[in-house]
Structures are given as C-alpha cells and as structure tokens.
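Here the structure is laid out as structure tokens; the discussion comes afterwards.
Derivation of every value follows stated rules applied to the coordinates shown; laboratory data play no part. Quantities reported herein were computed from a predicted structural model and do not represent experimental measurements. In this analysis, Cβ positions are derived from the backbone assuming ideal geometry, glycine residues included, and neighbour counts consider all displayed protein chains.
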C-alpha cells in the first residue's frame, strides 16, 4: 500500500468569472479546447471519459476520442455492439468529461446520445487509416477471445481479403452524437476554491449558475 496524502498541487493559472462567459456553452467549450490545443504539454486534448449506465445498474467510464463538436453537440465513433453501445441502446443518458491538467481545467457534459446518420459515419470511416478500418472489422469489441493470436490472425485474414480493395464501413460501427443538457466548466483556483460554472438548458435557451467549489 502507498500513502498518497502528500500528493498536492496548487492551481493558479487562470480564473473563470462571469465576464468570461459566452451566451452558449459550446462557444466557451470551443475557446477552452483551442487553449488546450495551443499548449504543447497537453496530449490528446480530444480524449474524454465517456460514462454510461450499464444494464447491471453500475456506471462505467472509459476513454474515447472526440472527433467533432458542433452547436448540436459532441461526436465520437465506436462499435455499436460493444459494451458501451449496448449500454447506450438501453439508456442514452451519458456523461462526457475532459481533463486538461496543464490548463487546470475540466469540462463535464451530461446529455443524450443518439446515432449519427449512416452517411456521416461513412464519411468519417473513409478518413481512418487503413489499419484502423480493418481493425473495426477484426474486433467484436467487448467479447471474450481466447488470446492475442486470435485477433492478430483475424486481422491477417482481413488484410489478405481486402488487399488492393477499398474497405467499407462495418454496419455495426459508427458515430454517436451527444446532445448536451448541461455543461459544467471547472477552473482550478488556489486553496481548492475552484471556479465552477454550470450551464443548463431551459427550452431552446441556456442559463448558467455558479456552483460552490
């Protein structure tokens, strides 16, 4: 066992005050995302934790990659037959969270996930490296397999099968759009008195409140 009580960092790089806010939280997210992109220390700024409610009632979080954000919401891609896909099918309420440690910032999004249209998934799939395209066919994501050789063998078979041929998108693979219902912006501050601003939908409009740290 290890005592981690001495792990401590004082946050003091930025502040989040009402004068910094935008009418729509997606505009503020865009500003924060660009800030993170411009910091060389931030790695994979589009990495986010996707949390779903599993059929057994337990929440489950895993890292996925944000591939697009628009005024409508946040888009990521996965295997629809995976554990996360099955969970979303049963319960579309999800949570996305970003942590940019060098910016001392978090963004936490709650919303409803829905599949994007087939054309959008096709277009994105066409931009993926060929190896990633084959990987989408090779992996029955979340299913039990006997060993690593099993998946490597499947990939080798697919490489031979699709040699000199374009690779179509698997019908069980595609994108989800998470339409946000609430977005919280967290800015680290000194003495653990962090800035927390939470936007929430009221009909077609957004309202915000400040939360106690």
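Per residue of the chain, what 222 nm ellipticity follows from adding -39500 (n - 2.57) for every DSSP H run with n ≥ 4, rounded to the nearest 500?
Calculated from helices alone, the mean residue ellipticity at 222 nm is -7500 deg cm²/dmol.
Using R₀ = 41 Å, calculate the FRET efficiency as 1/(1 + (r/R₀)^6) where r is the Cβ-Cβ separation of residue 102 and residue 164; round to 0.05.
For residue 102 and residue 164, the calculated efficiency is 0.40.
Per 10 Å bin, what percent of the C-alpha pairs of segment 1-126 does each bin hold, from zero upward?
With a bin width of 10 Å, the distribution comes to 10, 35, 33, 18, 3, 0.
Restricting to Cα pairs below 8 Å that are 6+ residues apart, what does the relative contact order work out to for segment 37-76? Please round to a whole percent.
29
If each residue's Cβ is checked for other Cβ atoms within 10 Å, how do 48, 26 rank with the fewest at the top?
By the 10 Å Cβ count, ascending, the order reads 26, 48.
Below 8 Å, C-alpha to C-alpha, sequence gap of six or more: please give me the relative contact order for segment 18-120 in percent.
With pairs under 8 Å counted, the relative contact order is 24 percent.
Label points 7 Å out from Cα along the Cβ direction at residue 42 and residue 70: separation in nm?
It works out to 2.3 nm between the two label points.
Evaluate the distance, in nm, between pseudo-label points positioned 7 Å from the Cα of residue 112 and of residue 127 along their respective Cα→Cβ axes.
Label-label distance for residue 112 and residue 127, simple model: 2.7 nm.
Please compute the length gained on full extension between residue 7 and residue 157, using 0.36 nm multiplied by the number of residues separating them and subtracting their Cα-Cα distance.
49.2 nm
Any idea what the relative contact order of segment 75-213 is, in percent, if you count C-alpha pairs under 8 Å spaced at least 6 apart?
31
Distance between the C-alpha centers of segment 41-102 and segment 111-143? Whole Å please.
14
Sort 56-63, 132-139 by packing, meaning the average of other beta carbons within 10 Å per residue, with the highest value first.
Going by the mean number of other Cβ atoms within 10 Å, highest first, we get 132-139, 56-63.
Once the piece of chain linking residue 209 and residue 143 is laid out straight, how much longer is it, given 0.36 nm per residue of separation minus the C-alpha distance between them?
Length gained between residue 209 and residue 143: 19.5 nm.
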